[in-house]
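As structure tokens, the structure follows; a few thoughts come after it.
The values are calculated or read from the model by the stated rules, or taken from the named source; none is laboratory data. Because the structure is predicted, anything quoted here is derived from the model rather than measured. Cβ atoms come from the backbone with ideal geometry, glycine included; neighbour counts cover every protein chain shown. Remember, those area values only see protein heavy atoms, side chains included, never the ligands or the DNA or RNA. Shrake-Rupley method; radii C 1.70, N 1.55, O 1.52, S 1.80 Å.
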Amino acid sequence: MEKILVLDFGGQYNQLIARRVRENHVYAEVRPFSKVPLEEIRDYAGVIFTGGPNSVYDEKSPHYDPAILNQGVPVLGICYGHQLMAWMAGGEICSAGSVSEYGKVTFRADACALFEGLPEESVCWMSHTDYVRTAPAGFTVVGRTDSCPCAAMCDAERKLYGVQFHPEVTHTEYGKQILRNFLFNVCGCAGDWNMEDFVANSIAKYREQLTGKKVLCALSGGVDSSVAAVLLHKAVGKNLTCVFVDHGLLRKDEGDMVERTFRERFDMEIIRVNAQQRFLDKLSGVTEPERKRKIIGEEFIRVFEEEARKIGKVNYLVQGTIYPDVIESGAGDASVIKSHHNVGGLPSVVDFDEIIEPLRTLFKDEVRAAGLELGIPADLVWRQPFPGPGLAIRVLGDITAEKLDILREADAIFREEMAAAGLDRTTSQYFAVLTDSRSVGVMGDARTYGCTVVLRAVTTDDFMTADWTRLPYEVLARASSRITNEVKGITRVVYDVTSKPPATVEWE
Ligand code: XMP
């Protein structure tokens, strides 16, 4: 299979580079530079050296055997990778703080295979202190900026290219074009890789690795854990056991839908633990959001632990970790806004040998594509994110079975109306919240005094920031009218017009 190696020197955009390559239907994998023997380089159609925080002259900086440049395999060096390539080939690198460039910079390109289709001047994204002062012998300078005399270089004969800027980020105007040029003009890729291959290869790999082993998966019904579970199921069949903890904080009919899908459609070994009452008891009288989250997270682990104990020793634990989770968990000491409840806390309580994370390199849209490929129903694949603590953080104040029922009904109506208006896939997330404030209403000739429901819809790429969605009035009107008519106990419906920040997506 045609594939590109993203040789990781510690840059922050490494997975993004791989993703950009895969968008062009060429398979790419990111591997740490220290784990790839030179002999394996020829297995690849091309290699991309990533950026990295170091200076090539640092003793501790990551280096690679310069013979890589003579393997007949095209190489593209990006940022630190560009400097490293220059250094390997005998060029001169300068460390000069005064010329560090950060942000959008005008780049002037010369004609070459890498820059086909680029205008003479375009915007590129720079983030560096060191720069290449003199291109190595055999290389030609093919691009410059005001403070970077060798912002791009090439040795066309050996198919070696280097750029000081980051073509993988969207701020680089022609970045996608440059990567396309590298893949197709320089490496001669065919571009025939697709999700079907990724899925087929993963299944084959796990089948070989795990035959005869016991595998356990905590299934939440969310997209990621569902895709991971189905993939592993295709590889090991009945040796996979899924544990689905129904904490009673799911949306209307959700628990049954999840169970039915996996048991009937995929014939999987699934243990549904009906722990609704147990969670309700623990949450009784609790109003403080962080406490709710902690209680649910802990109780979830307890329930899972009990089930896992019944199963006994397992060899592998499957987790639906996807690439954004990997970035976030490495984010260092960012302050805790909310304690996110995920299955991340499980490993220490389960007796297993190893964790398997089949989706670790994929972005959300790629996970969805894999899900469809695996035959998971579209409504499950396209589900919007749903927080681990579920409706508990959408019922403000203390939680009761009755309040949860009211919210479930209101939320279901809102979702129906969003789907009927065709907005369900274009809106990043939307849901109802049950507040603890009451207001006076009138129904028939009688006074009512009922709950207030908030409708919330947000548009976002990454959920770190979000804008409230400008939903059509007709959709809001229909949802409001149906909710007040059909859900007993609700007198008022309001729409949340706050962005994140200053608000968060969820209310608690
Ligand atoms: P916030 O409210 O932090 O939400 O702006 C951002 C995104 O994260 C989801 N969310 C969670 N997801 N466990 C999760 O798996 C959680 O505890 C949790 N809390 C919030 C939220 O639904 C939104 O998509």
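A few notes on this one:
- Relative to the dominant Cα principal axis of the chain, helix 364-373 is inclined by about 80°.
- Straight-line cross-link reach from LYS310 at under 18 Å between alpha-carbon atoms covers these lysines, not counting any fewer than eight positions away in the same chain: LYS213, LYS214, LYS238.
- Spatially proximal lysines relative to LYS500 (Cα-Cα < 20 Å; intrachain offsets below 8 disregarded): LYS338
- Two-site FRET efficiency, THR459 against LYS310, from Cβ-Cβ distance with R₀ of 35 Å, rounded to 0.05: 0.20
- Gain in span if fully extended, THR211 to ARG278, counting 0.36 nm per residue against the direct Cα distance: 20.5 nm
- Principal-axis tilt of helix 401-420 within the chain, Cα atoms, nearest 10 degrees: 50
- Rounded FRET efficiency, nearest 0.05, which uses the C-beta distance separating GLU39 from ASP379 and R0 of 60 Å: 0.80
- Heavy-atom accessible area per residue - segment 195-381, 1.4 Å, Å²: 46
- Average Cα contact separation per residue, segment 117-196, under 8 Å, 6 or more apart, as relative contact order %: 27
- Ordered by solvent-accessible area of protein heavy atoms (1.4 Å probe), largest first, the residues GLU92, GLU168, GLU173, GLU508 come out as GLU173, GLU92, GLU508, GLU168.
- Computed E for TYR449/ILE271 - FRET, C-beta separation, R0 41 angstrom, nearest 0.05: 0.40
- Extension gain, ALA200-SER100: 0.36 nm per intervening residue step, less the Cα-Cα distance, totals 31.5 nm.
- Rounded percent of accessible protein surface that carbon and sulfur make up, segment 400-495, 1.4 Å probe: 51
- If you count Lys pairs in segment 3-186 whose Cα atoms are under 18 Å apart, skipping same-chain pairs closer than 8 places in sequence, the total is 5.
- At most 16 other Cβ within 10 Å, DSSP loop - chymotrypsin sites (Phe, Trp or Tyr not before Pro), segment 428-508: PHE463
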